[in-house]
Structure formats: structure tokens, C-alpha cells
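These notes are about the structure you will find just below.
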Amino acid sequence: FIEARKERPGATRTSWGKFASLQTHLLQFEKESRQTLDFENIDWQFKEDFTAWMYAPPRSFAHNNASKMIASLRQVMKDGYRKKIHGNRIQEDSAFAISRVNTKNKVRLTVAELHAIEQYDFADRDNLTHARDLMLFASWTGLRISDWWSVKRGNIQTLDGDDYIVVINRKTKNEVVIP
């Protein structure tokens, strides 16, 4: 399923990565719960057990992350059913899902906090210095991760005497101009 997603025209890590993540989590769940998973034993008990596993430490998934995992599983199940790999139809039941919740109170860093992070000296930990710089770049530009990985020198342009980062947003295909 994942390989087929990778080969789709216009496929990106964003379009198939959630299924790779699901696979990793299912394999870990299978190992820890000592169950053998296949299409036929994905049922209500599995959903309860897998959901409880996702919410339990050390994973402690956020509600919407667990929702995404079950939604991805339903997609894989639907594809397998269409291809006659299995006869399980539980994915067709709309109750075999976890509803997403609206997250209005997202945590955001203040300008002062961003400046404090910028000034922090990681001394002999270059990997953290690099991670900090990437995080600050993402924070100050407001670009989605899928867009900021693609920024190159050619994206820096001078317009009316000022420098800007100019990119075409991958998701919306709109031009974004960032001072």
C-alpha cells in the first residue's frame, strides 16, 4: 500500500508518510500486545486495545493523532477490501473512527521566547544548534515544513531594495513572499 502511494503522480512524503507511521505503530503494538494482526482480526476489540495503547505512556498520543492513525487504518482497510485481499468490512462503519477535536488553544512561542532560544548557547552540542536554527527559521517564516525544506538560495530575491524569500506553496500552489 505504501509503495503504491509513493509511486502516485505528485506523491510526497506528506501524502504517504502517515501510512508509514501507522505501519510502525501497528508493528510496535503487535509486538507489545503479543498479537498477530491481519485484516480479519481488526475489530472493535482491536480498536479499543490499539486506542488505549496509543494514549498510554510512553506514547501518550494527542487525541487528534490517534484519530489520524485510525483514519489511516480505515483507508488501508478500504483499499484491501476493494482489492479483495480481505472480507472484513468494519472500516465501512462510521463509528469505527475517533472524532477529531478542535484545538483552539495551540501553544505558540512569543517573540521574547524566540529571541531567548536564539541566544541560547548549546556550546559543544552542534546538532542542537542546527535543530534550533531550523526551528527558528520555521517559526519566523511561518512556512509549512513541506515548504521550508525546499527553500534554496534562488528563493531569496530583492524586491524594491529589500530581501524576501519567495516560494510557491506546495499545498495551495500560491506564491508566498516573506520579508
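The values are calculated or read from the model by the stated rules, or taken from the named source; none is laboratory data. All figures in this text were calculated on a predicted structure; none of them were measured in a lab. Here the Cβ is made from the backbone with ideal geometry for all residues, glycine too, and neighbour counts use every protein chain on show. Ligands, DNA and RNA are stripped out before the accessible areas are found, and what is left, the full protein with its side chains, is counted by its heavy atoms. Shrake-Rupley method; radii C 1.70, N 1.55, O 1.52, S 1.80 Å.
Okay, residues lined up against (1) touching a residue at least 12 places away in the same chain (Cβ under 8 Å); (2) on the phi > 0 side of the Ramachandran plot; (3) of a type in the set (Lys, Arg):
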{"site": "Thr110", "(1), (2), (3)": "no, no, no"}
{"site": "Leu114", "(1), (2), (3)": "yes, no, no"}
{"site": "Gly142", "(1), (2), (3)": "yes, yes, no"}
{"site": "Ile145", "(1), (2), (3)": "no, no, no"}
{"site": "Lys152", "(1), (2), (3)": "no, no, yes"}
{"site": "Asn169", "(1), (2), (3)": "yes, no, no"}
{"site": "Pro179", "(1), (2), (3)": "yes, no, no"}
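Could you go through the range 75-85 and let me know if any residue there is surrounded by fewer than 16 Cβ atoms within 10 Å (Cβ to Cβ), touching a residue at least 60 places away in the same chain (Cβ under 8 Å) and under 25 Å from the mean Cα position of the chain (by Cα).
Checked the range 75-85: at least one residue is surrounded by fewer than 16 Cβ atoms within 10 Å (Cβ to Cβ), touching a residue at least 60 places away in the same chain (Cβ under 8 Å) and under 25 Å from the mean Cα position of the chain (by Cα).
I'd like to check which helices (runs of 4 or more DSSP H) are fully inside the range 89-170 and have at least 1 residues that are within 29 Å of Thr12 (Cβ to Cβ) and under 21 Å from the mean Cα position of the chain (by Cα).
126-141, 145-148
So in the range 86-123, with the set limited to residues that are surrounded by 12 or more Cβ atoms within 10 Å (Cβ to Cβ) and closer than 30 Å to Arg5 by Cβ, which one is modelled with the lowest pLDDT?
Arg100
Which of the residues belonging to the range 11-54 are among the aromatic types (Phe, Trp, Tyr), more than 22 Å from Arg89 (Cα to Cα) and at pLDDT below 95?
Trp16
Tell me the residue from Gln45, Gln35 that is over 19 Å from the mean Cα position of the chain (by Cα), open to solvent by less than 70 Å² (accessible area, probe 1.4 Å) and free of Cβ contacts under 8 Å to residues at least 40 places away in the same chain, please.
Step by step, each of Gln45, Gln35 is checked, and only Gln35 is over 19 Å from the mean Cα position of the chain (by Cα), open to solvent by less than 70 Å² (accessible area, probe 1.4 Å) and free of Cβ contacts under 8 Å to residues at least 40 places away in the same chain.
Do we find a residue being touching a Ser or Thr at 6+ places or on another chain (Cβ under 7 Å), part of a helix (DSSP H, G or I), over 30 Å from Lys171 (Cβ atoms) and not hydrophobic (A, V, I, L, M, F, W, C) anywhere in the range 45-68?
The answer is yes; a qualifying residue exists.
In a helix (DSSP H, G or I), at pLDDT below 95, charged (D, E, K, R) and farther than 25 Å from Arg100 by Cα, is that true of Glu3?
yes
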